[in-house]
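**Student:** Handing you a structure now.
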């Protein structure tokens, strides 16, 4: 009979012990498919205490899409780390161009720009960072496909840069754990300024994103983490469809309903 050497058994035991646990949406969790309303979508949730992943639509979790304004998290970090922006209070002046979103038509700090998801602020920040430094950080971060395309101020919006729900979650796991190639000071600044919602027994820190795929279909993102008293859950959610208002509502409302159904938002 074939016998496994003792040292090999020890090695295999160590590998199994430290291997992250993966489980499907059906195992010990409510069925969350109803929250997607029949539309293509995916969700990844990582339980930091148990080191377990929960995935809905695992195949789609591997598919890459434009990150849209979820890229404001790494964009903020890159701006801070390069010294283009010294802190969250740094002001970039309004360019004077009137836009449909009235909140964008004024000067902004980094803190207010991420709160109101001010695209022009982050476009100017990306131009100041420059293509070479931006590309260098995308590679350091291994952020999605790491592609900038032809323009440094639109690549996260124009389908040049793409990232999967799995990759969004992994980026946020490293972000939350301070495992990115940035100073802890700058990571803490971005954590502080990310939009938040406080619930009775938890706090949600998040970033939204909305954009159009190459085929004109809208895709909405909600990514972030939920802190409970004794645990943290990191998540990435996306959903797509033809109608902007409908997808925005599903992104904003139903993603939170899922987190509540799974007893993550308490």
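**Student:** First measure r as the distance between the Cβ atoms of residue 133 and residue 199, then evaluate 1/(1 + (r/R0)^6) with R0 = 51 Å and state the FRET efficiency to the nearest 0.05. Can you show the working numbers first?
**Tutor:** Values: r = 38 Å, r/R0 = 0.75.
For R0 = 51 Å, the calculated efficiency reads 0.85.
**Student:** Roughly how tilted is helix 119-129, in degrees to the nearest 10 and between 0 and 90, from the longest Cα axis of the chain?
**Tutor:** 80
**Student:** Can you give me the angle between helix 131-141 and the longest principal axis of the chain, using Cα atoms only, in degrees from 0 to 90, rounded to the nearest 10?
**Tutor:** The helix 131-141 is inclined about 20 degrees to the chain.
**Student:** Let me ask something else about it. With labels modelled as points extended 7 Å from the Cα through the Cβ direction, what inter-label distance (nm, one decimal) is found for residue 229 paired with residue 101?
**Tutor:** Each label point is offset 7 Å from its Cα along the Cβ direction, giving 3.7 nm.
**Student:** Now for a separate question. May I ask for the angle, rounded to the nearest 10°, between helix 184-193 and the longest principal axis of the chain, with both axes built from Cα atoms and the value confined to 0 to 90°?
**Tutor:** Around 70 degrees separate the two axes.
**Student:** List the relative contact order of the chain as a percent without decimals, with contacts defined as Cα pairs under 8 Å and 6+ residues apart.
**Tutor:** Contact order relative to length: 22 percent.
**Student:** Once every DSSP H run of n ≥ 4 in the chain is given -39500 (n - 2.57) and the sum is divided by its residues, what mean residue ellipticity at 222 nm do you get, rounded to the nearest 500 deg cm²/dmol?
**Tutor:** Taking each H run of at least 4 residues, the total per residue is -9500 deg cm²/dmol.
**Student:** Sticking with the crude label model, points 7 Å out along Cα→Cβ, report the distance from residue 52 to residue 184 in nm, one decimal please.
**Tutor:** Label-label distance for residue 52 and residue 184, simple model: 3.0 nm.
**Student:** I want to make sure I understand the PRE zone here: with the label point 7 angstrom from the Cα of residue 257 toward its beta carbon, which residues in segment 211-235 have backbone N atoms less than 12 Å away?
**Tutor:** Residues passing the 12 Å test: none.
**Student:** If you wrap a convex hull around the alpha carbons of the chain, what volume per residue comes out, as a whole number of Å³? Please list the in-between numbers first.
**Tutor:** Numbers: hull volume 45.4 nm³, N = 266.
Spelled out: Cα convex hull of the chain, divided by residues, is 171 Å³.
Values in this text are rule-based calculations from the coordinates and carry no lab data. Model, not experiment: these values are computed from the prediction. With ideal geometry, Cβ positions are generated from the backbone for all residues, glycine too; neighbour counts draw on all protein chains shown.
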